[in-house]
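See structure below.
Read-outs throughout are calculated quantities, based only on the coordinates presented, and are distinct from any laboratory measurement. As the structure is a prediction and not an experimental result, all values here were calculated from the model. Here the Cβ positions follow ideal geometry from the backbone for every residue, glycine too, while neighbour counts run over all protein chains shown.
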């Protein structure tokens, strides 16, 4: 009888042990994200570009030091914020580095379309006309349904005009204008109109 009671307890223990769910590992991003938001808000309210740049480096470090098995979604968010906030800091080298890495690793993400736009603008600021043309042509081909296509055609048109390819530039800028009108991007349209006047069209 005693053996039977011990055996019953042992079976109950084994069943209880097997029934316990394995605890999921906590994503380090969950602790880091609120601190990131606080640092971002402080940097923006103080108009502190240096702090914003430092924050983007911190986000990139988080992305590099955590594995997908521990923080898959957190890593993706960290890299996107590093890309996005580098753009907010007007730091074109960081934009190209962080956004470039984002589109390389997450090409299927909707955020990749923003990253391409940020890179196109950064390359324009650096007057790298050939790189703008190559990147925007690639973006237009690979993301034909993107809501950012108006910007892509605008950046393409501006770069083509600087390369003296005026007929192609006018065609791209007119396409950009049509697409940006749908978005209500009137400042962008005004800039395109001014450029078209210079190009005689």
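So the values come out like this:
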{"item": "Lone qualifier among 106, 98, 116, 151 - being within 18 Å of the chain's Cα centre (by Cα) and surrounded by fewer than 22 Cβ atoms within 10 Å (Cβ to Cβ)", "result": "106"}
{"item": "Among residues of region 170-191, those that are free of Cβ contacts under 8 Å to residues at least 24 places away in the same chain and outside any helix (DSSP H, G or I), counted", "result": "1"}
{"item": "Index of the failed condition, residue 156 passing every other in (1) surrounded by fewer than 21 Cβ atoms within 10 Å (Cβ to Cβ); (2) in contact (Cβ under 8 Å) with a residue 24 or more places away in the chain; (3) assigned to a helix (DSSP H, G or I)", "result": "(1)"}
{"item": "Unmet criterion (only one of (1) under 13 Å from the mean Cα position of the chain (by Cα); (2) loosely packed, with under 14 Cβ neighbours inside 10 Å) for residue 82", "result": "(2)"}
